[in-house]
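Laboratory data are not the source of any read-out in this text; all were calculated from the coordinates shown. Just so we're clear, the structure is a prediction, and the values are computed from it rather than from any experiment. Methodologically, a virtual Cβ is constructed for each residue, glycine included, from the backbone with ideal geometry; neighbour enumeration extends over all protein chains shown.
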Amino acid sequence: MIKHIVFFKLKDRSEEAVQRTADILRSMDGKIEMLKSLEIGVDVLKTERSFDISLTAVVATLEDLQAYQVHPVHQEIIKHMNEVKDTAVAVDYEV
């Protein structure tokens, strides 16, 4: 299993913008067959060092992770995130 975690800091860090973007990320759930699980979290501390949103996805294999990256639903999400994100960092590891 591969765990894919991404943290996003948004340009607009208002509660409304963060919730809207979290909902857009959640919209992938059930639409991308290789995702075993998808969890979207919204930061509650809201400190300067905090990221606004976390995405945690689990797939079975590295091949599934690569297929997820190019999936049409994910590609639409990437377009949106490229417009609204200030910063993103990611880590992918085997579990």
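Exposed loop sites here are GluC sites (Glu not before Pro) assigned a DSSP state other than H, G, I, E or B and surrounded by at most 12 other beta carbons within 10 Å; excluding them, the longest clear run of the chain is 49-95.
Here the simple spin-label model places points 7 Å from the Cα toward Cβ, and for Glu39 and Glu83 these points are separated by 3.0 nm. The relative contact order of the chain comes to 48 percent, based on Cα pairs under 8 Å that sit 6 or more residues apart. With a cap of 16 neighbouring Cβ atoms within 10 Å, and only residues DSSP puts in a loop, list the trypsin sites (Lys or Arg not before Pro) found in the chain. Sites meeting the loop and neighbour criteria: Lys11, Arg13, Lys31, Lys36, Lys46, Arg49.
Considering helices alone, the calculated mean residue ellipticity of the chain at 222 nm is -11000 deg cm²/dmol, with DSSP H runs of length four and up weighted by -39500 (n - 2.57) and normalised per residue.
In this simple spin-label model, placing a label point 7 Å from the Cα along the Cα-to-Cβ direction at both Thr47 and Asp23 gives a separation of 3.0 nm. Residues whose amide H comes within less than 5 Å of that of Ile2, counting only those at least five positions distant or on another chain, are Val59, Ala60, Thr61, Val95 (H built at 1.01 Å from N in the peptide plane).
For Arg13 and Asp92, the difference between the fully extended length at 0.36 nm per residue and the C-alpha to C-alpha distance is 25.9 nm.
Sequence-ordered 3J(HN,Hα) estimates for region 56-65 from the Karplus curve with 6.51, -1.76 and 1.60 and θ = phi - 60° stand at 10, 10, 10, 10, 6, 9, 4, 4, 5, 5 Hz, glycine and proline given as x. Rounded to the nearest 10 degrees, the angle from helix 72-84 to the longest Cα principal axis of the chain is 20 degrees. Connecting C-alpha atoms closer than 10 Å in a GNM of the chain, tell me which of Thr47, Thr21, Thr56 has the biggest fluctuation. Looking only at Thr47, Thr21, Thr56, the biggest GNM fluctuation is shown by Thr47. Lysine pair count for the chain (Cα-Cα distance under 13 Å; residues 8 or more apart in sequence or on different chains): 4. If you sort the three axes of the alpha carbon gyration tensor as a ≥ b ≥ c, you get a/c of 1.5 or more for region 40-86 and a/b no higher than b/c, which makes it oblate.
For region 13-95, what class follows from the C-alpha gyration tensor (a ≥ b ≥ c being the square roots of its eigenvalues): rounded when a/c is under 1.5, otherwise prolate if a/b is larger than b/c, else oblate? Prolate is the answer for region 13-95, as a/c is 1.5 or above and a/b outweighs b/c. Extension gain, Gln66-Lys3: 0.36 nm per intervening residue step, less the Cα-Cα distance, totals 21.4 nm.
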